[in-house]
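A.B. asks: Sharing a structure, written as structure tokens. Questions coming.
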Amino acid sequence: MVLRRNHYDAAFEEYLRASKTPYVAVDEKRRALVQDSSIKSLDFIVYANQGPNLLIDVKGRTEIFADQHKKRRWENWATIEDIRGLQQWQQLFGEGFRSGFVFAYELPIDSFSNNLERLFAFKERLYAFYLVMIDEYCLKMRPRSRSWQTVFLHQQDFHEMRQPVDALIRV
């Protein structure tokens, strides 16, 4: 287990451990060198019971309500560097591995809609974990901020392509 300061990564790692899913935690302090360039580190290599093994970059988000109608925002932005890194890892690992983002949402503990999500409790916080494969993300991503070099998915696209993590690792 890698010592993690980011509570989203730590929660996801504990989720993997609790579900007895085989994984490798990647030490993020060092970037991998390929030829003469570096690749942004991924967070986990997850060995799935069925389907491809997963190369995961965890994106932590605190989920809030967008308005008085209690609609969730489901922030799903990423940087261009995140995208390129996952694409490179997928290419390097080859067949049998697919890259994706795990969007780890910290949900308000007192939220009335928490019973609608597949939740994981960790250190007095509630999380929902959703996976979006990098290839699908790239097909629908839109620019968010040119200066920050970020992209995002429209809500409808995100809801169509996101999958609860446990459906893919067969918890």
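Every number here is computed from the coordinates shown, using simple stated rules; none is lab data. Just so it is clear, the structure is predicted and the values come from calculations on it, not from any experiment. A quick note on method: Cβ atoms are made from the backbone with ideal geometry, for glycine too, and the neighbour counts reach across all protein chains shown.
A.B. asks: Counting Lys +1, Arg +1, Asp -1, Glu -1, what net charge surrounds Val132 among other residues with beta carbon under 12 Å of its beta carbon?
C.D. replies: -2
A.B. asks: Here is a follow-up. Using amide H atoms built in the peptide plane, which far-off residues or other-chain residues are under 5 Å from Ala48 H to H?
C.D. replies: Asn53, Leu54
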